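Can you read through this structure? Questions will come right after.
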Amino acid sequence: MTDFIPAAKPIVGDEEREAVDRVLRSGMIAQGPEVAAFEQEFSAHFTGGREVVAVNSGTSGQHLGLLAAGVGPGDEVIVPSFTFAATGNSVALTGATPVFVDIEPDYFTLDPEAVRAAITPRTRGIMPVHLYGHPFLVDQIEAIAQQHGLAIYEDAAQAHGASWNGRQVGTLGDFAMFSLYPTKNMTSGEGGMVSCANGDIARNVRLLRNQGMEKQYENEVIGFNARMTDIHAAIGRVQLTKVDGWTAQRQRNAAALNEGLAGLSGVQTPKVAEGAVHVYHQYTVRLDAAERDRIHVALKEEHGVGSGVYYPIPNHRLPSLTKFAPGLELPETERAAREVLSLPVHPSLAEGDIERIVAAVTAVVNAGA
Ligand SMILES: *Cc1c(COP(=O)(O)O)cnc(C)c1O
């Protein structure tokens, strides 16, 4: 059999290795000038100069962002259930209550009507996810937030470079979190960035990142150690110079997959909303629920094509989070969890790989028809 095509594959080259070596040789490896430079460059690249703060993971960024925005016990934050568990976890870790609501069926993002129905006097904010790299329905969610005086906190973990009618994701809420985990659209090894709407939130995130200190040993608040190291920042700075090319490649790969899979019965290719720029962290199709798991396994076993189910268990059904939503039913979320399959779309794919993926999906789907 030909080479296995993995579902995700980070690209790390000589420049990243040289950058790490430079930091190691300098003898200064903790948070320092590389982190400060990375923050500046990331902000210029993705958030139109809005202040960003680097942290040691996306999850830390989300948690610290919420704390910095004043979210805590007694508050409710509306979140999707169809996402990675970090979204709801970060709310729960502040002592606030994650309120899980359903998604709309087209783009797998928060359903505006479901959001409206979930608002209570305790609702403090809404944390939508730009899932798979497709922006959430910004106009409708913003209108609801405005009408009810609610904050928006963005989970942009998967959406570096995505936009909505020319507005960059990461600039839409009180804060936005980007993840720099290896499988995301760019990486620093582990890491996260918090884009902040104002200086107060940014200062609070900086304090919480570093034991509550601005001045050494004059701790103002109780904080964490969520610092990024200069080693990680050096990797991220190199990746930042390459990410636009990778995104363009993801978009070309998605277009080629769309074309190859068009008209294949039993496969629904991803949709893109009017005005949205999708950065294809994942290329996610819908399949017949009864066939999905068979197709997932057969792609790997018979054709050497990796794929992924993001996410098989909705957050409100997880043992860790279900206490916040006893007995809750979210029909679109549960249907998506049964139907989705993400095919390789990452920029290390070669042109021949796309043809192989299309041929494999076609063969496996038709074998069940
Ligand atoms: C990856 C991810 C996170 C968490 O980011 P980490 O850097 O892994 O901590 C949060 N939300 C979503 C939707 C993610 O995909």
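The values are calculated or read from the model by the stated rules, or taken from the named source; none is laboratory data. It should be emphasised that the depicted structure is a prediction, and the values quoted were computed from it without experimental measurement. Backbone-built Cβ (ideal geometry, glycine too); neighbour counts: all protein chains shown. In case anyone asks, the SASA skips ligands and DNA or RNA and just uses the protein heavy atoms, side chains included. Shrake-Rupley method; radii C 1.70, N 1.55, O 1.52, S 1.80 Å.
Looking only at M186, M213, M177, which one moves most when the chain is put into a Gaussian network model with springs between Cα atoms under 10 Å?
M213
Please compute the Kirkwood hydrodynamic radius over segment 110-176, one decimal place, Å, based on all pairs of different Cα atoms.
Kirkwood radius, segment 110-176: 12.0 Å.
Please sort by residue number the trypsin sites (Lys or Arg not before Pro) in segment 271-369 whose DSSP state is loop and whose Cβ has at most 14 other Cβ atoms within 10 Å.
K271
Normalise the Cα radius of gyration of segment 85-147 by 2.2 N^0.38 Å (N = residues in it) and let me know the number.
Expressed relative to 2.2 N^0.38 Å, the Cα Rg reads 1.10.
Keeping all protein chains in the complex and leaving out DNA, RNA and ligands, what accessible area do you get for H296 with a 1.4 Å probe, in Å² to the nearest 10?
60 Å²
Also: Mean-square fluctuation check for the chain, GNM, Cα pairs under 10 Å: which of A156, A256, A117 is largest?
Highest fluctuation among the options: A117.
On to the next question. Summing +1 for each Lys or Arg and -1 for each Asp or Glu, what net charge is found among the other residues whose Cβ lies under 12 Å from the Cβ of M177?
-2
Considering only protein heavy atoms, what per residue accessible area in square angstrom results for the chain with a 1.4 angstrom probe?
41 Å²
Sticking with this structure for a sec: Given the DSSP H assignment, sum -39500 (n - 2.57) over each helix run of at least 4 residues in the chain and divide by its residue total; what's the result at 222 nm in deg cm²/dmol, nearest 500?
-12500 deg cm²/dmol
I would also like to ask the following. At 0.890 mPa s and 25 °C, plugging the Kirkwood radius over alpha-carbon pairs of the chain into Stokes-Einstein gives what diffusion coefficient in µm²/s?
Using the Kirkwood radius from Cα pairs, D works out to 116 µm²/s.
Over what distance in Å are the Cα centres of segment 302-318 and segment 82-104 separated?
19 Å
Mind jotting down the distance between the C-alpha centroids of segment 218-273 and segment 331-369, whole Å?
19 Å
Could you give me D for segment 205-270, from Stokes-Einstein at 37 °C and 0.692 mPa s, where the hydrodynamic radius is the Kirkwood radius over C-alpha pairs? Units µm² s⁻¹, please.
Using the Kirkwood radius from Cα pairs, D works out to 206 µm²/s.
At what distance in angstrom do the alpha carbon centres of segment 52-78 and segment 1-23 lie from each other?
31 Å
Starting from the Kirkwood Rh over alpha-carbon pairs, what translational D in µm² s⁻¹ does segment 306-369 have by Stokes-Einstein at 20 °C and 1.002 mPa s?
150 µm²/s
Which three extents, in angstrom, do the Cα atoms of segment 243-367 have along their principal axes, listed largest first?
Extents along the principal axes, in whole Å: 47, 37, 25.
OK, next. For the chain, what's the relative contact order in percent, using C-alpha pairs closer than 8 Å and at least 6 residues apart?
Computed over the chain, the figure is 23 percent.
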